[in-house]
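Novice: Supplied in structure tokens, the structure appears directly below.
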Amino acid sequence: MNRSANTDMSGLAPLSGFAQIVEASVLARAQRGDMPAFATLYARFGQPCYGLALRLTGNAAQAEDLVQEVFLKLIETIRSYRGDAPFGAWLKRMTANAAIDQLRKNKRFVDADPEAMFAAADAVDASPAQKLDAAALLRRLPPRARAVLVLHELEGYTHTEIAKLFGQSESYSKSILARGLQRLHASVAEPQAET
Amino acid sequence: MTRPDSKSVEAVTAVLQSIGEAQPQPPADLWSRIEAAHGARSRRRRLRRLTAGGMFCVILAGAVALRGWHSATPEIDWQARAQALELQLLAIEHDNRIAAATPAAFDANPATSELAEIDRRLQAAYEHKIYTNQLVPLWKRRSELLDALIAARREGLTLTRI
């Protein structure tokens, strides 16, 4: 059976996002510093990378900066990629790490106290239209809570992995996630109550 | 913490699902911006490497020049020179038998007494364990006096003044 490299095991469903497979020749060229090979990698992974960055940061400009930073780092570090994990998984981790690093660097979001974090987010009010918008709902969460929620609920990270990324305990990750979900429940209930 | 109702759970699940399924597209020019940033970064690195290389070359050239200048003006080991001259003087005195012929004149020579004074000062310095550059002028002066005495012995003359 002649199965395309970028279809799933059944050979029917096309692989998408970070699950896409990269041809060894493209990787080998990239590892030699060939810029068109990097352009191929961007054409394939630029969108999933941007999507994850946007979900984690909640801000388009920050997401663009993050993608730029990740691909610049990729150009510099691809020689160290040994193929132990699929390339997409490697790039996804690099993107998540860059986003968390950005969150940790930003002094505004350094506050590790969940109470203070959510209280600060409460100060920002949203319009009824924003309350119905999924992305806007996510943006209403404190940055760290948003990142924890996205990583756990959408990207399949475990609490152990999240705790390690943030340099915090597992219970911290669990607490932030619980509060974040609670906030989302409250947010989706608000428009229903208002109508 | 109150337990969310099923409606709320469904709504949140739908929100998360819609977020997960959304495929926002990055700006069309993002790759060209990344390429430009990479180019600029590479140029900066090249410039830094060139600057560092240039500085290394300047330092190396300076070191070579300094070494060349240093080796062009070698330091004289006045102590070794004085000891060599002393042996030379003894050999001349022995060969010409001048020492035996004019011992009194030699002993009365001012150069000889100055030589004796220098030897006394050198001995005192060694007794006090002074082995620094302070002794160089003494060894130099000793060499000059021995030079003068050798020249005088060769001419068969008694030195009266240096």
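The values are calculated or read from the model by the stated rules, or taken from the named source; none is laboratory data. For clarity, every value in this text was computed on a predicted model and none was experimentally measured. Using ideal geometry, Cβ is built from the backbone for each residue, glycine included, and neighbour counts are taken over all protein chains shown.
Novice: Of all residues in the range B:104-148 being among the polar types (S, T, N, Q) and surrounded by 14 or more Cβ atoms within 10 Å (Cβ to Cβ), which is modelled with the lowest pLDDT?
Specialist: To start, the set of residues in the range B:104-148 that are among the polar types (S, T, N, Q) comprises B:109, B:112-113, B:123, B:132-134, B:143.
In the following step, the residues that additionally are surrounded by 14 or more Cβ atoms within 10 Å (Cβ to Cβ) were identified as B:109, B:112, B:143.
On the way: B:Asn109: 67, B:Thr112: 81, B:Ser143: 88.
Among residues in the range B:104-148 that are among the polar types (S, T, N, Q) and surrounded by 14 or more Cβ atoms within 10 Å (Cβ to Cβ), the one modelled with the lowest pLDDT is B:Asn109.
Novice: Can I ask one more? Could you grab the pairs with beta carbons closer than 6 Å, sequence gap of 6+ or different chains, first residue in the range B:1-21 and under 18 Å from A:Val148 (Cα atoms) and at the interface with chain A (Cβ under 8 Å from one of its Cβ atoms), second one modelled with pLDDT under 75 and assigned to a helix (DSSP H, G or I)?
Specialist: What qualifies is B:Val15/A:Ala134; B:Ser18/A:Ala134; B:Ile19/A:Ala134.
Novice: Moving on. Given the structure, is A:Arg3 away from every other protein chain (no Cβ under 12 Å) and modelled with pLDDT under 90? Spell out how you get there, then give the answer.
Specialist: Details: away from every other protein chain (no Cβ under 12 Å): yes; modelled with pLDDT under 90: yes.
Considered against the rule, which asks whether it is away from every other protein chain (no Cβ under 12 Å) and modelled with pLDDT under 90, A:Arg3 comes out as yes.
Novice: Scan the range A:111-131 residue by residue and report those that are closer than 18 Å to A:Leu181 by Cβ and either of a type in the set (Lys, Arg) or at pLDDT below 55 (or both). Reasoning before the result, please.
Specialist: So the first thing to find is which residues in the range A:111-131 are closer than 18 Å to A:Leu181 by Cβ, and the list is A:114-115, A:117-119, A:121-122, A:126, A:131.
If the condition is that a residue be closer than 18 Å to A:Leu181 by Cβ and either of a type in the set (Lys, Arg) or at pLDDT below 55 (or both), then A:Ala121, A:Asp122, A:Ala126, A:Lys131 are the ones that fit.
Novice: Hey, another quick one. Which of the residues belonging to the range A:162-195 are outside any helix (DSSP H, G or I), modelled with pLDDT under 90 and either within 15 Å of A:Arg139 (Cα to Cα) or away from every other protein chain (no Cβ under 14 Å) (or both)?
Specialist: Restricting attention to the range A:162-195, the residues satisfying the condition of being outside any helix (DSSP H, G or I) are A:167-169, A:195.
From what's left, modelled with pLDDT under 90: A:167-168, A:195.
Of everything in the range A:162-195, those that are outside any helix (DSSP H, G or I), modelled with pLDDT under 90 and either within 15 Å of A:Arg139 (Cα to Cα) or away from every other protein chain (no Cβ under 14 Å) (or both) turn out to be A:Gly167, A:Gln168.
Novice: For the range A:42-67: of the residues being aromatic (Phe, Trp, Tyr) and crowded, with 23+ Cβ neighbours inside 10 Å, which is farthest from the other protein chains (Cβ to nearest Cβ)?
Specialist: Ranking the candidates gives A:Phe45 first.
Novice: How about the range B:23-34: which of its residues are at the interface with chain A (Cβ under 7 Å from one of its Cβ atoms) and not β-branched (Val, Ile, Thr)? Working first, answer last.
Specialist: From the range B:23-34, those at the interface with chain A (Cβ under 7 Å from one of its Cβ atoms) are B:23-27, B:30-31, B:33-34; that's our starting set.
Of everything in the range B:23-34, those that are at the interface with chain A (Cβ under 7 Å from one of its Cβ atoms) and not β-branched (Val, Ile, Thr) turn out to be B:Gln23, B:Pro24, B:Gln25, B:Pro26, B:Pro27, B:Leu30, B:Trp31, B:Arg33.
Novice: Right, next: Cβ-Cβ distance below 9 Å, separation of 6 or more or different chains: which pairs start in the range A:68-92 with a residue that is within 14 Å of chain B (Cβ to nearest Cβ) and end on one that is in a loop (DSSP other than H, G, I, E, B) and surrounded by 15 or more Cβ atoms within 10 Å (Cβ to Cβ)?
Specialist: Taking only residues 6 or more apart or on different chains, the pairs are A:Leu74/A:Tyr81; A:Lys92/A:Glu155.
Novice: Right, another one. So in the range A:137-161, with the set limited to residues that are facing chain B (nearest Cβ under 10 Å) and at pLDDT below 85, which one is farthest from A:Ala63 (Cα to Cα)?
Specialist: Within the range A:137-161, the match that is farthest from A:Ala63 (Cα to Cα) is A:Leu137.
Novice: Are any residues in the range B:58-87 modelled with pLDDT of 80 or more and either acidic (Asp, Glu) or more than 16 Å from B:Trp139 (Cα to Cα) (or both), and if so, which ones?
Specialist: Looking only at the range B:58-87, we keep the residues that are modelled with pLDDT of 80 or more, and these are B:58-66, B:77-87.
B:Val58, B:Ile59, B:Leu60, B:Ala61, B:Gly62, B:Ala63, B:Val64, B:Ala65, B:Leu66, B:Asp77, B:Glu86 - these are the residues of the range B:58-87 that are modelled with pLDDT of 80 or more and either acidic (Asp, Glu) or more than 16 Å from B:Trp139 (Cα to Cα) (or both).
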